[in-house]
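A.B. asks: Mind having a look at this structure? Questions to follow.
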Amino acid sequence: MIINRRKSILPIVPALAISLLVMDESAHAATVTTEFSAAGTFSTIANPALDDLANGLGFGSGISRFHTTGNITGESLTDGDIVPTGFGVNASNNTVDVRYKIDLGSSILISSVNSYSWGNPTRAEQDFTLYGSSDPAAATDFDPTNPIWTAIASVDLDNNPANGWGGSSITDINASYQYLMWDTQAINLASSTQQEHTIWKEFDVIAVPEPTTLAMASLALLGTLRRRRSR
């Protein structure tokens, strides 16, 4: 009986590998988590990354915008740094159709997208819908009503209690996209004369782990199960 029990864990191997190596890309609701931070570090979402898919991209080299006003000079959205050294990436007051887009270079299975902002209580707030596409036409398209775009999730981070940073994390995406577009809204739409926009500091795009990494995890788990069974 003991031998049979030990052998009974062997069929777990293919089932475990299949469950970890095959990702379900069927449509389902992504999870949105938001947080304000007075110190620039976060506890409920990941802190800015230096090794994400967007790292190293810049305006004119993987990042583009639909609007033509506001500040981008000397600013990076992908360097993992959210320390305010300038005015950040933003659109001029009262600008409409404020959209940013990242081109990852190829369609990649995405796990999560994190967005970080900074400013006074208002300018750190976030109000946007994230869209994804792998259609080649998306390279030059900024129209979220175009069916080539898929709405992934919407973020509404407001009521910032003090100056500092805002962070949002869209997780459980588990779908492949080459292009990601932030369709943003003014953060004080109630004002008819001074509609300000978010000051952005960082966009991070996190890939679903490679199958080899998941296979190693499955083997490690199998080893743990075998050791427990042998005791």
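A.B. asks: Kindly check whether there is at least one residue in segment 88-99 that is under 17 Å from Tyr116 (Cβ atoms) and either surrounded by fewer than 19 Cβ atoms within 10 Å (Cβ to Cβ) or of a type in the set (Lys, Arg) (or both).
C.D. replies: no
A.B. asks: Additional query: It is to be established whether one or more residues within segment 118-128 are touching a Lys or Arg at 6+ places or on another chain (Cβ under 6 Å) and at pLDDT 95 or above.
C.D. replies: no
A.B. asks: Can you name the condition, by its number, that Thr171 falls short on among (1) among the polar types (S, T, N, Q); (2) more than 19 Å from Thr33 (Cβ to Cβ); (3) touching a Ser or Thr at 6+ places or on another chain (Cβ under 9 Å)?
C.D. replies: (2)
A.B. asks: Provide a single number: the residues in segment 113-122 that are open to solvent by 30 Å² or more (accessible area, probe 1.4 Å) and assigned to a strand (DSSP E or B).
C.D. replies: Qualifying residue count for the region: 1.
A.B. asks: Aliphatic (A, V, I, L, M), surrounded by 21 or more Cβ atoms within 10 Å (Cβ to Cβ) and under 26 Å from Glu35 (Cα atoms): does that describe Ile110?
C.D. replies: yes
A.B. asks: Does segment 61-73 hold any residues that are at pLDDT 90 or above and exposed (fewer than 15 other Cβ atoms within 10 Å of the Cβ), and which are they?
C.D. replies: Ser61
A.B. asks: Go through segment 114-139 and give me each residue that's aliphatic (A, V, I, L, M) and under 19 Å from Ala39 (Cβ atoms).
C.D. replies: Ala124
A.B. asks: So in segment 153-188, with the set limited to residues that are outside any strand (DSSP E or B) and modelled with pLDDT of 95 or more, which one is surrounded by the fewest Cβ atoms within 10 Å (Cβ to Cβ)?
C.D. replies: Out of the qualifying residues, it is Asp172.
A.B. asks: Does Ser133 satisfy being on the phi < 0 side of the Ramachandran plot and open to solvent by 50 Å² or more (accessible area, probe 1.4 Å)?
C.D. replies: Considered against the rule, which asks whether it is on the phi < 0 side of the Ramachandran plot and open to solvent by 50 Å² or more (accessible area, probe 1.4 Å), Ser133 comes out as no.
A.B. asks: Determine whether Leu77 is open to solvent by 70 Å² or more (accessible area, probe 1.4 Å) and assigned to a loop (DSSP other than H, G, I, E, B).
C.D. replies: Here the answer is no, as Leu77 does not meet what is asked.
A.B. asks: Six or more apart or on different chains, Cβ under 9 Å: which pairs go from a residue in segment 123-141 that's in a helix (DSSP H, G or I) to one that's of a type outside the set (Ser, Thr, Tyr) and open to solvent by 50 Å² or more (accessible area, probe 1.4 Å)? Could you list them?
C.D. replies: Ala138/Asp103; Ala139/Asp103
A.B. asks: Looking only at segment 56-74, which residues are part of a loop (DSSP other than H, G, I, E, B) and free of Cβ contacts under 8 Å to residues at least 40 places away in the same chain?
C.D. replies: Gly56, Gly60, His67, Thr68, Thr69, Asn71, Ile72, Thr73, Gly74
The values are calculated or read from the model by the stated rules, or taken from the named source; none is laboratory data. Keep in mind it's a predicted model, so treat the numbers as computed, not measured. For neighbour counting, all protein chains shown are included, and Cβ atoms are generated from backbone atoms with ideal geometry for every residue, glycine included. Accessible surface areas use protein heavy atoms only, side chains included; no ligands, DNA or RNA. Shrake-Rupley method; radii C 1.70, N 1.55, O 1.52, S 1.80 Å.
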